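Just so it is clear, none of the values below were taken in a lab; they were calculated from the coordinates. Because the structure is a prediction, the values reported are computed rather than measured. All Cβ positions, glycine included, derive from the backbone under ideal geometry; neighbour counts span all protein chains shown.
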Amino acid sequence: MCSRKSSALAIMALAAAISPCPSSAQPAGAAYRKVYCGDIIQGYVPLGQSIETSGHIWYLPTGVFLLPNLISAQNPLVIDVSAMPAENRTRLLTCRASALYVGGCDTLIWGDTGLVDGRRGIFAHEIDIQAGP
């Protein structure tokens, strides 16, 4: 027979084990608002917002692009990765693709919304690759 104390500890341990954990890749010290990347594309998220979003990313010779998913019919967001550390940019090579909608990776992105080359996009602070090609 278990005591109340050991039962309570077992329940707390189970709750901790099954609860979602925050990603370890999230940049420290900044407050990011979770948004749907399709809302950024459509202009529902104001420029200059610090955001966290997910989607499918492609590293192409012409740039880095993000859509809500692999088969989205929307125009992609442009992702500026120039402020990210070189090591993090190198990890993006696993998402390299020959064309949009081919290959790429599922990812989480933290950054600021803005105009990148005159188009809506994200100035990325950190990118966490969730699943590769």
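Details
- Convex hull projection area averaged over all views, region 23-131, Cα basis, nm²: 6.3
- Integer Hz, Karplus 6.51/-1.76/1.60 couplings in order for region 93-100, x for Gly and Pro: 4, 5, 9, 4, 9, 7, 7, 4
- Going by neighbour counts of Cβ atoms within 10 Å, the residues T107, T90 line up, fewest first, as T90, T107.
- Calculated from backbone phi, Karplus (6.51, -1.76, 1.60) coupling profile of region 35-51 in Hz, x at Gly/Pro: 9, 7, 5, x, 5, 5, 4, 7, x, 7, 9, x, 5, x, 7, 7, 10
- Extended-chain gain in nm, criterion 0.36 nm per residue less alpha-carbon gap, A30 and Q74: 13.0 nm
- Among beta bridges from DSSP that stay inside region 23-131, the antiparallel ones total about 80%.
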